[in-house]
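The values are calculated or read from the model by the stated rules, or taken from the named source; none is laboratory data. Since the structure is predicted, the reported quantities are computational estimates derived from the model, not experimental observations. Because the Cβ atoms are built from the backbone with ideal geometry, glycine has one as well, and the counts that use them run over all protein chains shown.
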């Protein structure tokens, strides 16, 4: 947020239960400590403020982090709920007569994208580093030929080897369709899987992931992953944004292929499974994505956009979704 605030000409402080900020004539510390609810899009939402690890609510809105600029009167909430997923909420308004502060989802794509990357265990690039992306990509790509420059300025020799591959049944092009929600616009998502690479396109946004073996960690990276903290270590930008490590596991009666961020040490990443389903009397492959500790179903993807649109709201027997507690 400091980086974002500098670029926007604002100065943000992190909201906690121990730090006092005045929001107009209201105490944010008292508001948070009391567990006050908020308004989202004009509707009252029950809130859990800053839940402890693995103690988030499945029925309420979890505020994971919050920042405020009391001079410019801009207050952000980084939230998660089982209904709406991860969202960034913002307000510039004072509390209403009933004491509730009204928030709406931010339209700032930079913050929304950054929050998604943080959830995935990725680092956030400043706009000033965007011009270096091509060079970073070039440097990282040299890894496959045997050597790469680490983010600490040292050279790590990486043995040439076969990279992990997405399973054969997942290779090719897949589509899903959503009719839209508060946190996701209506439209198609297109996923192209080829070898060890996956490209995901939605609207004007395109993201891509390369699978790599953890034997390709540099010595500095390995020390960072083992210790969880390493003074002076700087994550490699390209690897953080685009490299993934894999695992397989069984859950809910199916075999899943899991992908996590290269530097991700916590969280469950994203999981994939191809299941043959009956659609209009025909057997068709369906790429199902899952998330979280329960491998809860996130979406179903199909080989054609037409079928994705037709099956957009279909749930299948055996689908496990995150239910309310």
Taking the criterion of being outside any strand (DSSP E or B), under 19 Å from the mean Cα position of the chain (by Cα) and closer than 26 Å to residue 112 by Cα, would at least one residue in the range 206-218 satisfy it?
no
Taking the condition of being surrounded by 15 or more Cβ atoms within 10 Å (Cβ to Cβ) and part of a strand (DSSP E or B), how many residues in the range 219-264 meet it?
12
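Wholly within the range 22-70, which strands (runs of 3 or more DSSP E) include no fewer than the required count, namely at least 1 residues that are under 20 Å from the mean Cα position of the chain (by Cα) and in contact (Cβ under 8 Å) with a residue 40 or more places away in the chain?
By residue number, 61-69.
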In the range 191-206, the residues that are closer than 27 Å to residue 111 by Cα and surrounded by 17 or more Cβ atoms within 10 Å (Cβ to Cβ):
191, 198
Those residues of the range 71-112 that are surrounded by 13 or more Cβ atoms within 10 Å (Cβ to Cβ), in a loop (DSSP other than H, G, I, E, B) and either in contact with a helix residue (DSSP H, G or I) (Cβ under 9 Å, 6 or more places away or on another chain) or not assigned by TED's automatic domain parsing to the domain that holds residue 50 (or both) come to a total of 4
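Picking from 267, 294, which residue would you name as being under 15 Å from residue 247 (Cα atoms) and either in a loop (DSSP other than H, G, I, E, B) or in contact (Cβ under 8 Å) with a residue 40 or more places away in the chain (or both)?
Answer to the check: 267.
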For the range 5-18, check the following and say yes or no: at least one residue is buried (at least 20 other Cβ atoms within 10 Å of the Cβ) and not in a strand (DSSP E or B).
yes
Residue satisfying all of: in the range 209-237; touching a helix residue (DSSP H, G or I) at 6+ places or on another chain (Cβ under 7 Å) and modelled with pLDDT of 90 or more; nearest to residue 295 (Cα to Cα) among these
209
